[in-house]
Amino acid sequence: MATNTKSKISYNLKPIEQCVPVSFRYDVLFTNGLFQVGNPLLAQTIVAEGGETTRAIAVVDSGLMEHHPQILAQITDYINFYGEVLTLATEPMVVPGGESAKNDPQLLTQIHEVINNVGLCRHSYVLAIGGGAVLDMVGYAAATAHRGVRLIRIPTTALAQNDSSVGVKNGINAFGKKNFLGSFAAPYAVFNDFNFLTTLSDRDWRSGIAEAIKVALIKDADFFDFIVSNAKQLAQRDMEVMQQLIYRCAQLHLEHIATSGDAFEMGSSRPLDFGHWAAHKLEQLTDFRLRHGEAVAIGIALDSTYSYLSGLLSRTEWQQIINTLVAIGFTLSVPELAEQLNSPPTSRCLLGGLMEFREHLGGELTLMLLEGIGQGVEVHEVDVSIYLDAIRELLAL
């Protein structure tokens, strides 16, 4: 009698190991008068790849148009002049500037609709022209259409030129939280046109300096000395000094992204967010009355004060940080610092931002503090009572 043999299935097969190296290359370029037809930089950067004429859409920050009312015509004239390289698939799209760009999900939908309606492909370009918030939102739209349309960032504020536009992050706000929705996607290129800085308000001029102070304090004592030595010139809008500041700040950010080993933030460490846990929360608590850079300056002051009070930072160094922030023109105290401090954690309490920051990064709480000028140190636990003392110090300034 024949026996019924059943083939044996193994449920312990050897894992298939997969490793996909990912390499990104993009240039951050510096110029004046990017959209002047006599300046071929943008066209040359696009044509470097060769091939046929490519198509693009342009999304422009409405705030830029207040000081540069001819910008839409300049963009159109420039692209028409270099029509053998690039063509506009439709008229430039204008979107609200500032944090409202990241708070309105309909703007994301509108950009997706434009990309779809004009038939852009993944080898086409989205030109994002404006401040950091607009670039964040447009970058997220570009990254999620066709799983990625090429993004060219053209930042028009100091903060965007030295910080937010040079990295690989894009995002919008949701559920009352900063950058809750977003993506990691490197731009095709970044063009820093210094001409745009000449028309910034004093607040927006200052805001970009905060991010430079941040990266100097955690990475480069010599750069911080440069800022201290030139604080008066920066406050008086010295363009040459600002250009040097933007260049070094962007360079330090790019070096960190390329060499830290965690460009896409898979871990819990985010050194470049020194001072940002409080900054993000203060932006929310003030209904974005504070500019991002203004909130970052307060966050830097708060975490520097905590570092001093906890014994990590000397009083002399702490005082120099505070004095420099004040000399540049930052206000380091707002009423929202003290809101509901006696009943944390609540949605209206600054210290509730610690938990939101941990949640946003994932893993254990990881904060960057200072153990010296140019010497950041990561901690995973904080003493809330010392943070309360640090808040009182700022409120008393």
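The values are calculated or read from the model by the stated rules, or taken from the named source; none is laboratory data. All values reported here derive from a predicted model rather than from experimental measurement. All Cβ positions, glycine included, derive from the backbone under ideal geometry; neighbour counts span all protein chains shown.
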Note: among R206, R150, just one is among the basic types (K, R), crowded, with 17+ Cβ neighbours inside 10 Å and out of contact with any strand residue (DSSP E or B) (no Cβ under 9 Å at 6 or more places or on another chain), namely R206
Could you list all residues from segment 151-169 that are of a type in the set (K, R) and either farther than 9 Å from L135 by Cβ or touching a Lys or Arg at 6+ places or on another chain (Cβ under 6 Å) (or both)? K169
I'd like the full set of residues that are touching a Ser or Thr at 6+ places or on another chain (Cβ under 9 Å) and farther than 25 Å from L200 by Cα, limited to segment 58-96. I79, N80, G83, E84, V85, L86, T87, L88, A89, E91
Any hit, segment 119-133, residues being aromatic (F, W, Y), crowded, with 16+ Cβ neighbours inside 10 Å, within 24 Å of V47 (Cα to Cα) and at pLDDT 95 or above: yes
Residues that are under 27 Å from the mean Cα position of the chain (by Cα) and either closer than 17 Å to K178 by Cα or assigned to a loop (DSSP other than H, G, I, E, B) (or both): does segment 382-392 have at least one? yes
Given the conditions (1) small (G, A, S); (2) in the same structural domain as R291 (by TED's automatic domain parsing); (3) buried (at least 20 other Cβ atoms within 10 Å of the Cβ), and given that A221 satisfies all but one, which numbered condition is not satisfied? (3)
Of all the residues that make up segment 88-102, how many are at pLDDT below 95 and surrounded by fewer than 18 Cβ atoms within 10 Å (Cβ to Cβ)? 1
Of all residues in segment 124-133, how many are under 11 Å from the mean Cα position of the chain (by Cα) and either basic (K, R) or not in a loop (DSSP other than H, G, I, E, B) (or both)? 2
Only one of these is more than 19 Å from F191 (Cβ to Cβ) and outside any loop (DSSP other than H, G, I, E, B): A101, A43, A56, A73. Name it. A101
Select, from G275, G299, G311, the only residue that is small (G, A, S) and loosely packed, with under 15 Cβ neighbours inside 10 Å. G311
Of the numbered conditions (1) more than 16 Å from L29 (Cα to Cα); (2) modelled with pLDDT of 95 or more, P155 satisfies every one except a single condition; which is it? (1)
When segment 1-34 is examined, which residues are found to be among the β-branched types (V, I, T) and at pLDDT 70 or above? I16, V20, V22, V28, T31
So, G167, is that one out of contact with any strand residue (DSSP E or B) (no Cβ under 8 Å at 6 or more places or on another chain) and crowded, with 18+ Cβ neighbours inside 10 Å or not? yes
